[in-house]
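The values are calculated or read from the model by the stated rules, or taken from the named source; none is laboratory data. Quantities reported herein were computed from a predicted structural model and do not represent experimental measurements. Reconstructed Cβ throughout: ideal geometry from the backbone, glycine too, with neighbour counts over all protein chains shown.
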Amino acid sequence: MINLPLNINNFSFLDKLKICKFILNDKNRWTQGNQVKNFEKKFSEYAGSKYAVFVSSGSTANELIAQYVKDTCGSRNIVVLPSTTWQTSCSPWIKNGFKPHFIDISLEDFSIDKQKLLSFVKSFKDEIACIFPTSLIGFTPDMDFYKMLESEYGVKIMFDNCENTFGKYENKNISSFFTSSTSTYFGHQIQSVEGGFIFTNSEDEYKYFLINRNHGMVRSLDAYNLKAENFENKLVDPLFDFYSLGSNYRNTDLNAFIGQLDFERVDVYEKSRDKFYSILKSKLNKSKFLLPEGRIKSKDCAFCFPIIFKDSNDRNLDMAKRLCNELGIEYRPIISGFLGYQTCYKKYFDSSINYKNSLKLHHDGFYIGLYHKMDLNLAKKFIKQLNKI
């Protein structure tokens, strides 16, 4: 029996009635339409980004970002990625022909190690098409550092914030700094059942994402009252004028309507996650367990609560997982663990490099859920018993 799941269905009985009413109203379309545009407007305003594009998942958001870089990067072919992240933070780049270069993470914030990244950028800046860090499990990277890389070395920075919808840096949502993705999947911080967003401040990128989201079709811009002069082909019918090798990454008005119901509670989710994470962090024995300390300029909003032993010992990890099973607490490894161990990524890793921090998370860590209605007493009981291991 699961007493503390990774997440719960956020929707109340009243929400479900509203969804039923939406479905039963013959005037409402279910496919992409005005609800999608409304959801995009609300999310762009919340994130502080000029534009937002609602797509079918956080993974397809990453796919569209990778496609854009492929079509605009010229001869540059390296994409820099963290050695611990979600699988589909990396696979779109490889499938689009980029050469991945993986760099170990930092235990300071679980993002790419800054010194190792800076060293690589200094040597290969003219070959780097994009640096694509991850805000892993809701911890916020040093955005000043990435702004410096972009301005001083001319490298393109984009972000995977699929697990960090609420994170802030200098009191601004982190998706406002660079072109970024986030996820509204059922298990994430805002739920639309399935879904994801791209945030951008570039009108050129925005137009590209809208076109490529809808099969590469130029008339995708019409619904957003955007000019299409640079994309139109006078030799074909404008109803089926395909500018690029796009695909169908659209989401639906039904999912957008559901997402907007959940979005109304965004302040509740932010405050409760912050409160619960702080409580559990205060209970955890700091001499035994590792947690990022955060920065003065950043405000993390954790996606989950990580359990990472400082001392490597398989017995300790097994005992902690057994305790989870006894208490009915659902858990997961920390995303991919070390990606270099994964079957589909082994060939992309340099065996001579020591990815010690990714290996640390892989061998000595896992996470439990963190959400606004979690059983805090059970979580505190778990932490109390965990500290005795």
Original post:
Considering only the stretch 1-48, how many residues are assigned to a helix (DSSP H, G or I) and either modelled with pLDDT under 95 or of a type in the set (Ser, Thr, Tyr) (or both)?
Top reply: 2
Original post:
Which of the residues spanning the stretch 326-375 are in a helix (DSSP H, G or I) and under 22 Å from Asp311 (Cβ atoms)?
Top reply: Tyr341, Lys356, Asn357, Ser358, Leu359, Lys360, Leu361, His362, His363, Asp364
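Every residue, every condition in (1) out of contact with any helix residue (DSSP H, G or I) (no Cβ under 8 Å at 6 or more places or on another chain); (2) surrounded by 21 or more Cβ atoms within 10 Å (Cβ to Cβ); (3) of a type in the set (Ser, Thr, Tyr), yes or no:
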residue	(1), (2), (3)
Phe197	no, yes, no
Lys207	no, yes, no
Ile211	no, yes, no
Gly216	yes, no, no
Leu221	no, no, no
Phe242	no, no, no
Gly259	no, yes, no
Subject >> Of all residues making up the stretch 335-364, the number that are touching a helix residue (DSSP H, G or I) at 6+ places or on another chain (Cβ under 8 Å), modelled with pLDDT of 95 or more and farther than 15 Å from Phe102 by Cα >> reply: 3
Original post:
If we scan the stretch 228-237, do we find a residue that is in contact with a Leu (Cβ under 9 Å, 6 or more places away or on another chain) and without any contact (Cβ under 8 Å) to a residue 24 or more places away in the chain?
Top reply: yes
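Looking at the stretch 64-80 only, could you name the residues that are among the charged types (D, E, K, R) and either within 25 Å of Phe349 (Cα to Cα) or not assigned by TED's automatic domain parsing to the domain that holds Ala129 (or both)?
Lys70, Arg76
Criterion first (within 15 Å of Ser175 (Cβ to Cβ) and assigned by TED's automatic domain parsing to the domain that holds Ile94) does Ala61 satisfy it?
yes
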Original post:
Quick check, is Ala320 in a helix (DSSP H, G or I), aliphatic (A, V, I, L, M) and surrounded by 15 or more Cβ atoms within 10 Å (Cβ to Cβ)?
Top reply: yes
Subject >> Where Cys301 falls short, out of the listed (1) in a loop (DSSP other than H, G, I, E, B); (2) over 19 Å from Ala47 (Cα atoms); (3) assigned by TED's automatic domain parsing to the domain that holds Tyr331; (4) in contact with a helix residue (DSSP H, G or I) (Cβ under 7 Å, 6 or more places away or on another chain) >> reply: (2)
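Only one residue in Phe309, Phe338 is in contact (Cβ under 8 Å) with a residue 24 or more places away in the chain, crowded, with 18+ Cβ neighbours inside 10 Å and touching an Asp or Glu at 6+ places or on another chain (Cβ under 6 Å), so which one is that?
Going through Phe309, Phe338 in turn, just one is in contact (Cβ under 8 Å) with a residue 24 or more places away in the chain, crowded, with 18+ Cβ neighbours inside 10 Å and touching an Asp or Glu at 6+ places or on another chain (Cβ under 6 Å): Phe309.
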Original post:
Which pairs have Cβ atoms under 7 Å, sit 6 or more apart or on different chains, and link a residue in the stretch 154-180 that is under 19 Å from Ile137 (Cβ atoms) to one that is among the charged types (D, E, K, R) and in a loop (DSSP other than H, G, I, E, B)?
Top reply: Gly167/Asp300; Tyr169/Lys297
Subject >> All positions within the stretch 73-104 that are in a helix (DSSP H, G or I) and in contact (Cβ under 8 Å) with a residue 60 or more places away in the chain >> reply: Gln87, Ser89, Cys90, Ser91, Ile94
Original post:
Failed condition for Ile65, given (1) touching a residue at least 12 places away in the same chain (Cβ under 8 Å); (2) more than 17 Å from the chain's Cα centre (by Cα); (3) assigned to a helix (DSSP H, G or I), with all others met?
Top reply: (2)
Original post:
Yes or no: Phe382 outside any helix (DSSP H, G or I), within 27 Å of Asn9 (Cα to Cα) and either in the same structural domain as Met143 (by TED's automatic domain parsing) or at pLDDT 95 or above (or both)?
Top reply: no
**OP:** Looking only at the stretch 121-133, decide whether some residue is more than 18 Å from Arg76 (Cβ to Cβ) and either surrounded by 22 or more Cβ atoms within 10 Å (Cβ to Cβ) or assigned by TED's automatic domain parsing to the domain that holds Gln67 (or both).
**Re:** no
Original post:
Where residues in the stretch 247-290 are part of a helix (DSSP H, G or I) and among the polar types (S, T, N, Q), which of them is farthest from Thr165 (Cα to Cα)?
Top reply: Ser282
